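Read-outs throughout are calculated quantities, based only on the coordinates presented, and are distinct from any laboratory measurement. Model, not experiment: these values are computed from the prediction.
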Amino acid sequence: MAKILVFTPDLLFGSSVLGALTAGGHSAVLCSNTEALRVEAGGAELVVIDLTDEAAERAAQLAELRVDGVLAEAKTLGYHSHVDPDSREVALEYGVEKVVPRSRMHREPTVLVAQLLESA
């Protein structure tokens, strides 16, 4: 299955996503900052990015790593708070491919990941 990086400072929710993806057969790694992303980037097929706080900053950090070639080939899936729909637009402007509400990420992480990985 795929190597997936979960980019979030929220270790509780991130661990929940990580657990679901691991149970789904993926190799998933929790990354709380860009240095961890850089270290774990090798072979990553997908980055799940938390946009619930500081969406523009986190999306810009991810975009920079993509431009630098560190995560150039990785697909991106972001999730945001439903009360902050502007985060979705910001993330899309920075090139995040799919952005969903956090509640949907909680309910169906493996489905969302499968859909994105299959869309080549």
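Brief remarks on what is shown
- Counting only the Cα atoms, the chain fills a convex hull of 87 Å³ per residue.
- Gaussian network model of the chain, springs between alpha carbon atoms under 10 Å - residue of 14, 69, 78 with greatest fluctuation: 69
- Dividing the summed -39500 (n - 2.57) terms of all DSSP H runs of n ≥ 4 by the residue count of the chain sets its mean residue ellipticity at 222 nm at -13500 deg cm²/dmol.
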